[in-house]
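The next block holds one structure in the form of structure tokens; read it before the comments.
A short reminder: the numbers here are calculations on the coordinates, not readings from a lab. As the structure is a prediction and not an experimental result, all values here were calculated from the model. Note that each Cβ is placed from the backbone with ideal geometry, even for glycine, and that neighbours are counted across all protein chains shown.
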Amino acid sequence: MSLTLMVINPLAGRVARGGSLLAALKGRKDEIIEPDFSRLTEQLRPYLERVETIAVEGGDGTVTGVAHALLEGVPGGEPLPRLIIVPGGTTDLVASVLGMSRSEEKIAKLIAGTGRDTNLPALRLVLSSGETRTGFFLASGSIPRAAIYCREVIHERGVTGMGSVALAVLSSVLGSKEHRRRILAPTPFRMDTDSTSEGPEHRFSILTTLPHLTGKFAPFWGSGEGPINMLMAKAESRNLTGALAKAAVGAAGPGLEKYGYVSERVEAAAIEHDGTYLLDGEMFESATLQVTTSRPLIFRTSS
């Protein structure tokens, strides 16, 4: 069996609470590192010529950090190591979509070489400062505001993971009028893609390379051949409760356009937004944003 590099984030939610699953599976030749996100590309570089597989235990932020480091550290013509994701964070959206679980038996089989490879590009972001970022789920408008509400209110009640996100969304549409106004208020926003131009305001937007979100939640229906699923709620959008209900069972479709929702599959997007973005659980701001995709990352998943 070839060497597997195990990247374990001890600060990730489930790892911090219950310990590392990967550490218990470490083989004699395998190596473990704790990620230093300030220099992760440099940290991984000594291993890139020696390993074909990197197992990552942590949340979406850990997965994103490793993906960014690989894309920055491996020249374009060279193969990328295969990634095995062990969900260990709070939301673990990427792991959920890929069908990964914290099953010691299943993870051991993947490390041993069973399973199948799934190719998935990441979003590549260029901020107005020139900084580049990598991720899989980008949102703006009311979604970051709901996430802030999660952190400030819901997590204090002991609810974590996708349950907290669901409660925040329900709170946004079912809460008091003042709360709905604060979370769902339109904000200045312009987005130009290869197939559409939208603005000057919006309630929220989502761009992702994931085919769907957690479970059967699939709010995308747009045409096009691009690798990015885009969804935007216009400033005048309405009937969010009904739209969410359809998305929850994978039934979102063109019928939602009459309520002010737009969905396309696009190659790239140029965004102007005076507000906060949410990228795989991390908040940031940027007056302008250029969004494209990376070369495909290779994920080993259960067959």
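Its alpha carbons considered, the stretch 246-303 gives a radius of gyration followed by a Dmax of 15.8, 43 Å. Each Lys and Arg contributes +1 and each Asp and Glu -1, all at the Cβ; summed about the Cα centre of the chain, the dipole is approximately 980 debye. Can you name the helices of the chain, as whole DSSP H runs, whose Cα span along the helix axis is 18 Å or more and whose Kyte-Doolittle mean is not below -0.5? Sorted by number, the helices that extend far enough and score high enough are 60-73, 161-174.
Its Kirkwood hydrodynamic radius, worked out from the mean inverse distance over all distinct Cα pairs, puts the stretch 52-127 at 13.3 Å.
Peptides 90-97, 3-10, ordered by how many other C-beta atoms sit within 10 Å of their residues on average, highest first, read 90-97, 3-10. DSSP bridge analysis restricted to the chain gives an antiparallel fraction near 75%, rounded to the nearest 5.
Between the amide H of Gly27 and any residue lying 5 or more places away or on another chain, no distance stays under 5 Å, with hydrogens modeled in the peptide plane. Dipole of the chain computed with +1 at Lys/Arg Cβ and -1 at Asp/Glu Cβ about the Cα centre; of Leu184, Val126, Met6, farthest Cα towards the positive end is Leu184. Values of log10 I(q)/I(0) for the stretch 83-132 across q = 0.27 Å⁻¹ run -1.09, by the Debye formula with one identical scatterer at each alpha carbon and no solvent. Spherically averaged projected area of the convex hull of Cα atoms, the stretch 199-303: 7.9 nm². Between Ile111, Ile228, Ile33, the Gaussian network model of the chain with springs among Cα atoms under 10 angstrom shows the greatest mean-square fluctuation at Ile33. When the inverse distances between all different Cα atoms of the chain are averaged and flipped, the Kirkwood radius reads 20.0 angstrom.
When the trypsin sites (Lys or Arg not before Pro) in the stretch 195-266 are filtered for DSSP coil states and for at most 11 other beta-carbon atoms within 10 Å of their beta-carbon, the remaining sites are Lys216. Sorting the Cα pairs of the stretch 1-125 by distance into bins of 10 Å, from 0 upward, gives 13, 49, 35, 3, 0 percent per bin. Residues in the stretch 77-86 carry Karplus couplings, in order, of x, 9, x, 8, x, 6, 10, 10, 9, 10 Hz; the curve used is 6.51 cos²θ - 1.76 cosθ + 1.60 with θ = phi - 60°, and Gly or Pro positions show x.
Taking label points 7 Å from Cα along the Cα-to-Cβ direction, Tyr259 and Ala16 give a separation of 3.7 nm. In this structure, the amide hydrogen of Asp92, modeled 1.01 Å from its nitrogen in the peptide plane, lies closer than 5 angstrom to those of Asp60, counting only residues at least 5 positions away or on a different chain.
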